[in-house]
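Student: Dropping the structure in here first, questions after.
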Amino acid sequence: MNFLLVQQDKTMKVLVINFHGQPLMPTSPRRARLLLESGKAKIVGRDPFTIQLIYGSSGYKQEVTLGIDAGYKHVGFSTITDSYELIGGELELLDGVSERITERSKYRRQRRSRLRHRAPRFDNRVRSSGWLAPSIQHKFDAHLKLVELIKSRLPVTKIIIETANFDIQKIKNPKIEGKQYQEGEQLGYYNLACYIRHRDGYKCQNPNCKGKSEILQIHHIGYWKTQPDRSDRPGNLITLCVHEVCPWQKCHTPANHEKGKFLFGWDNKVKSFKAETFMSTIYQKLLDILNAEQAYGYETKYNREKLELPKSHHNDAFVIAGGENQVRVKSLMVEQIRRNKRSIEQFYDAKYIDTRTGKKESGSTLSSGRRTKNKNLNGENLRVYHGQKISLGQRRIKKQRYPYNPNDYVKFENKKYRVIGMQNLGTGVKIANYPGVANKVVSISKVKPIKRRSGICEK
């Protein structure tokens, strides 16, 4: 069987559920192979590999403890008995949820603006008690899904979770006390923008800027898409000027946010506390919903160093579960993959020839420069440099669900490739790492499916 190719280690176990779907104790790969060959079992899952018995079973079970090392980007997990570790590894959580929510709101706002009249729905925006921001709710739900997945494959009797409630103010200022908690770093300033300009000395923070403009604008360092933190916290804001470095370029322009320009990838040097804030927000909810026991970070560190184990989310989870002398298993590395792109609308900007350089530029780059109703803060009108229009701006509407999604595996020319996406109304499949071609598009009739990857999947 295919699963034996990745589970050669004798300590590896195959998970088993009975005829009624209830989890049983795992078995060895050899016994699982014999059950499958004799028709007494069938495969019901591969991440991790699981079989289901066709016949009745006595259902003998042992005490199984699940340890969870909760986190913002990675979640460690480990299940142990008195003698063995049954399964353990690390889950990499899906990132970029905030960016997709922002993109969705832009499309929705644009679509609704085309309506001549729309009934007000302000009263419908009621948040229930215990509401979490969508990006935090998504990561919180991922923790619950992981635990439920493990419980559906193993007879877990006890759950222990390492969580923490961080004092963010104490981390920033160890000497803080009393009413200082009510006096943030913006105390004494009219608004956030006023504080940022004072903090930066009323100077442009671009190290290559040669201008001395009196007009300063507030820039989001995390504006580029790969930056996970795009909030309005002071550590994520910086001052830039609108002085002309060259005849047509300024420091704070849409063009400088694009890939290859100095604002794209400009990393934030101030530490973000998003992970600590996330754990402080969800730790009690996790314990209550899962009816779990709580472990503390200092205990985990002490026990891990006592066992001389290297730092990893898997090892932390093993220690959290109470592991000591159990036979360990190979770490199972899994990741959370986006199930489906539900947006049916996609916008593609128009392309023009820039009359100054002769290069192709997007319509958003050669914009009108308008930012706010205050004309003093508006930039230069670059629409005057529109040359020949190369391509029209367009909205593309997805009218069908395609057979392949990004990150699926397909076979092409007897080799395995990862799908990047679909093209030409679903008639072409774009695959990655084809020899000599970075992203090759092949006919959908020439590929065969190997594995659909969505949700929690093995890397």
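The values are calculated or read from the model by the stated rules, or taken from the named source; none is laboratory data. Keep in mind the model is a prediction, meaning the values are calculated, not measured. Heads up, the Cβs are rebuilt from the backbone with ideal geometry, glycines too, and the neighbour counts pull from every protein chain shown.
Student: Can you confirm whether ASP123 is acidic (Asp, Glu) and at pLDDT below 90? Before the answer, list the steps.
Tutor: Working: acidic (Asp, Glu): yes; at pLDDT below 90: yes.
Considered against the rule, which asks whether it is acidic (Asp, Glu) and at pLDDT below 90, ASP123 comes out as yes.
Student: Does segment 394-409 contain at least one residue that is assigned to a loop (DSSP other than H, G, I, E, B), over 28 Å from the mean Cα position of the chain (by Cα), surrounded by fewer than 16 Cβ atoms within 10 Å (Cβ to Cβ) and touching a residue at least 12 places away in the same chain (Cβ under 8 Å)?
Tutor: Checking segment 394-409: not a single residue is assigned to a loop (DSSP other than H, G, I, E, B), over 28 Å from the mean Cα position of the chain (by Cα), surrounded by fewer than 16 Cβ atoms within 10 Å (Cβ to Cβ) and touching a residue at least 12 places away in the same chain (Cβ under 8 Å).
Student: I've got another one for you. Across segment 67-112, which residue is farthest from PHE49 (Cα to Cα) among those that are out of contact with any strand residue (DSSP E or B) (no Cβ under 9 Å at 6 or more places or on another chain) and among the hydroxyl-bearing types (Ser, Thr, Tyr)?
Tutor: The residue in question is SER105.
Student: What number of residues in segment 35-66 are closer than 11 Å to GLY21 by Cα and of a type in the set (A, V, I, L, M)?
Tutor: 4
Student: Just to check your reading of the model, which residue among LEU53, LEU5 is surrounded by fewer than 19 Cβ atoms within 10 Å (Cβ to Cβ), over 16 Å from LYS151 (Cβ atoms), at pLDDT below 85 and not β-branched (Val, Ile, Thr)?
Tutor: Result: LEU5 is the single residue among LEU53, LEU5 that is surrounded by fewer than 19 Cβ atoms within 10 Å (Cβ to Cβ), over 16 Å from LYS151 (Cβ atoms), at pLDDT below 85 and not β-branched (Val, Ile, Thr).
Student: Just one of (1) surrounded by fewer than 18 Cβ atoms within 10 Å (Cβ to Cβ); (2) modelled with pLDDT of 90 or more trips up VAL334, so point out which.
Tutor: (1)
Student: For a quick check of your reading of the model, give me the residue pairs whose first member lies in segment 437-448 and is over 16 Å from TYR402 (Cβ atoms), whose second is in a strand (DSSP E or B) and of a type outside the set (Lys, Arg), with beta-carbon atoms closer than 6 Å and at least 6 apart or on different chains.
Tutor: ASN439/ILE420; LYS440/ILE431; LYS440/TYR434
Student: Separate question: Name the single residue, out of those in segment 23-50 being within 36 Å of the chain's Cα centre (by Cα) and in a loop (DSSP other than H, G, I, E, B), that is surrounded by the most Cβ atoms within 10 Å (Cβ to Cβ).
Tutor: Here the answer is PRO48.
Student: Select from segment 293-329 the residues that are assigned to a loop (DSSP other than H, G, I, E, B), surrounded by fewer than 20 Cβ atoms within 10 Å (Cβ to Cβ) and over 25 Å from the mean Cα position of the chain (by Cα) and list them in ascending order. Even if it seems obvious, please write down each step before you answer.
Tutor: Taking segment 293-329 as the starting set, the residues that turn out to be assigned to a loop (DSSP other than H, G, I, E, B) are 296, 307-312, 321-326, 328-329.
Restricting the remaining residues to those that are surrounded by fewer than 20 Cβ atoms within 10 Å (Cβ to Cβ) gives 296, 307-312, 322, 324-326, 328.
Across segment 293-329, the qualifying residues are TYR296, LEU307, GLU308, LEU309, PRO310, GLY322, GLU324, ASN325, GLN326, ARG328.
Student: Also, quick follow-up: Tell me which residues, restricted to segment 308-339, are β-branched (Val, Ile, Thr) and within 17 Å of ILE159 (Cα to Cα).
Tutor: VAL319, ILE320
Student: When only residues in segment 225-274 that are part of a loop (DSSP other than H, G, I, E, B) and aliphatic (A, V, I, L, M) count, which is modelled with the lowest pLDDT?
Tutor: VAL270
Student: Would it be correct to say that ASP82 is out of contact with any Ser or Thr (no Cβ under 7 Å at 6 or more places or on another chain), modelled with pLDDT under 90 and of a type in the set (D, E, K, R)?
Tutor: Taking the combined requirement at face value, the residue does not satisfy it.
Student: Given the conditions (1) outside any strand (DSSP E or B); (2) acidic (Asp, Glu); (3) touching a residue at least 60 places away in the same chain (Cβ under 8 Å); (4) more than 21 Å from ASN407 (Cα to Cα), which single one is not true for ASP95?
Tutor: Result: ASP95 passes all but (4).
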